[in-house]
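In what follows, a single structure is set out as structure tokens and then discussed.
The values are calculated or read from the model by the stated rules, or taken from the named source; none is laboratory data. On a predicted model such as this, the values are computed, not experimentally measured, just so you know. Virtual Cβ from ideal backbone geometry, glycine too; neighbours counted across all protein chains shown. For the accessible areas, the whole protein counts, side chains as well, though only heavy atoms, and no ligand, DNA or RNA atoms are used. Shrake-Rupley method; radii C 1.70, N 1.55, O 1.52, S 1.80 Å.
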Amino acid sequence: MKKVLILGGGIAGIEAAIHLGKIKTRGRAVFDVTLLSERDFLYVYPLSIWIPTGGTAPDKVCFPLRDLADTHHFKVAVERVEAIDPQEQSITTERGVHRYDYLIIALGAGKLKPKGAEHFLSICGDPREALLIKEKLDRLIAAGGGKIAVGFGGNPLDSSAVRGGPAFEFIFNVDNLLRKRGLRNNFQLTFFAPMESPGARMGANAVAAMGGMFKRLGIETRFGRKIREFCPNGVLLEDETMIDTDLTMFIPALDGHQLLRQSGLPLNGAGFVTINDYCEVTASSSFSPSGKTTIYAVGDAAALEGPEWRAKQGHIAEVMARNAAHNMAVQEIGGSKKGYRQHLSILCVMDTGNGAAFVYRDQTRGIMLPLPFIGHWLKKGWGAYYRLSKLEKIPRLPFM
Ligand SMILES: Cc1cc2nc3c(=O)[nH]c(=O)nc-3n(C[C@H](O)[C@H](O)[C@H](O)COP(=O)(O)OP(=O)(O)OC[C@H]3O[C@@H](n4cnc5c(N)ncnc54)[C@H](O)[C@@H]3O)c2cc1C
């Protein structure tokens, strides 16, 4: 059996492990799969948006890797990866050295570090930060009022390295919570972003709808001004104006995982691993004595190629992971390879706490559909579906 190492136990790494385990020839597994993860749980980021407002709890967002590994017959080693050596086909972790025949890089992305980063919290960072945001928000609510600013940044080196959706979801959920508590008038909410038209890649309809929502809900906006620095009591913009805050939730732009920069693997300008349509790391065959492609990169760690509006999203990470598993199998047992680019789309149920908006964009269409009330429960339902289908307690739907 060929030994596969998967680096990272996020949405992409787990999907790759599940699909590699299903690949069999004459009833026998083709691959011996080990997933290396610094955490012993899968953290499902799309569900974490409700932690700060108390709409969910961390145990509903964290799935133990052991349960997934037992269900799908792969091995898990909870070890932090410290180095990737493609020439030696080896991975060094805090515990030792692992060798591979095939490698899947699914380490997620790093984050740019703006000046004064210690003065904001991020829903997209370490899972513990979601709870810190909750604590701070609870303290403001207990105090009866305050100023909250929410924003996200961009990466000029890679237009796909921006994560704005959860910032919109967060501010709408906070607004909803404050209204339910009868405290909304005591809070000043501000949404800020350095681009003129944040959310533009979701399409013109979405931007217009969001603008309307900010107005209707009385959320102030500061767009098109670069962020100079984050301060203990606010956000200083390049035009010297200050957004005063008691709580700043900011999502920095993504950049390549720090480990990749030292690996010698080919990277784009922002540090993401360059791949072809089959998720094969560019020129990775040159690292292998057999001349075969041995290294794949999937999910947020990989450099996406495609239209300007392409986005690093969970459903794209899953397609890439399934394709990488399939394409690896093609090398061992034949068949034809599958590409991810034809699947590039933006697909998002943007939650507002009391409803949602369904956002879809592909090469030909851009749709934003308001889904009052039911949209919120659709997204919650997706969370339950995701957990149960990954644990094979319910069948997987072919389109999800
Ligand atoms: C708050 C939030 C909400 C989102 N909402 C949506 C949504 O509604 N819809 C959608 O499609 N997408 C959404 N996304 C995007 C989606 O979650 C990501 O695209 C997806 O998680 C990418 O999966 P990944 O496995 O590539 O990366 P990650 O999920 O980041 O996983 C990377 C894994 O690698 C591990 N790792 C990192 N470094 C090391 C190391 N040195 N050693 C060992 N392990 C390591 C990490 O612990 C982690 O488990 C959201 C993202 C966030 C942050």
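A few remarks follow.
- Think of each Lys and Arg Cβ as +1 and each Asp and Glu Cβ as -1; about the Cα centre, that makes the dipole of segment 361-400 roughly 120 debye.
- Within a straight-line Cα-Cα reach of under 25 Å, Lys379 can be paired with the following lysines, leaving aside sequence neighbours fewer than 8 residues apart in one chain: Lys60, Lys134, Lys180, Lys215, Lys312, Lys390, Lys393.
- Proximal charge balance of Arg225 [Cβ under 14 Å; K/R count +1, D/E count -1]: -3
- Per residue value of the accessible surface for the chain (all protein chains in place, 1.4 Å probe), Å²: 43
- Atom-type composition of the exposed protein surface of the chain places 53 percent of the accessible area on carbon and sulfur (1.4 angstrom probe).
- Debye intensity ratio in log₁₀ form over the Cα atoms of segment 113-252, taken at each q of 0.09, 0.10, 0.15, 0.20 Å⁻¹: -0.25, -0.31, -0.72, -1.32
- Derived scalar couplings between HN and Hα for segment 113-125 equal 10, x, 4, x, 4, 6, 9, 10, 10, 10, 6, 9, x Hz in order, rounded to whole Hz, by the Karplus curve 6.51 cos²θ - 1.76 cosθ + 1.60 (θ = phi - 60°), x for Gly and Pro.
- Per residue, the average separation of C-alpha pairs within less than 8 Å and at least 6 apart gives segment 200-315 a relative contact order of 14 percent.
- Ranking by accessible area, most exposed first, for Arg310, Arg28 with a 1.4 Å probe: Arg28, Arg310
- Rg/Rg_ref, segment 1-87, where Rg_ref = 2.2 N^0.38 Å and atoms are Cα: 1.24
- Area projected by the alpha carbon convex hull of segment 324-373, averaged over all directions, nm²: 5.0
- Heavy-atom accessible area for Cys62, with the other protein chains in place and a 1.4 Å probe, reaches approximately 30 Å².
- If you take all other residues with their beta carbon under 11 Å from the beta carbon of Lys2, and give Lys and Arg +1 and Asp and Glu -1, the sum is -1.
- Here the chain is assigned +1 on the Cβ of each Lys and Arg and -1 on the Cβ of each Asp and Glu. Its dipole about the Cα centre then comes out at about 1080 debye.
- Between Lys337, Lys215, Lys390, the residue with the greatest mean-square fluctuation in the GNM of the chain (Cα pairs under 10 Å linked by springs) is Lys215.
- Computed from the Cβ-Cβ distance with R0 of 60 Å, the FRET efficiency linking Glu94 to Ala204 stands at 0.80.
- Within a Gaussian network of the chain (alpha carbon springs, distance under 10 Å), most fluctuating of Arg228, Arg26, Arg261: Arg26
- DSSP beta bridge pairing in segment 113-252, given as percent antiparallel to the nearest 5: 30
- P(r) tail, segment 87-182: Cα-Cα pairs separated by more than 16 Å, 70% of all pairs.
- Glu79 paired with Arg128, simple spin-label distance in nm, labels 7 Å along Cα-to-beta-carbon: 2.4
- Length added when fully stretched, Glu308-Glu38, from 0.36 nm per residue minus Cα-Cα: 94.0 nm
- Radius 14 Å from Cβ of Arg310, net charge of other residues (Lys, Arg +1; Asp, Glu -1): -1
- One equal scatterer on each Cα of the chain, no solvent, Debye formula: the resulting log10 I(q)/I(0) at q = 0.10, 0.14 Å⁻¹ is -0.67, -1.26.
- Rounded to 5, the percent of DSSP beta bridges in the chain classed as antiparallel: 50
- GNM on the chain, alpha-carbon springs under 10 angstrom: the most fluctuating residue among Ser90, Ser336, Ser286 is Ser336.
- Mean separation of Cα contacts under 8 Å (6+ apart) over length of the chain, as relative contact order %: 18
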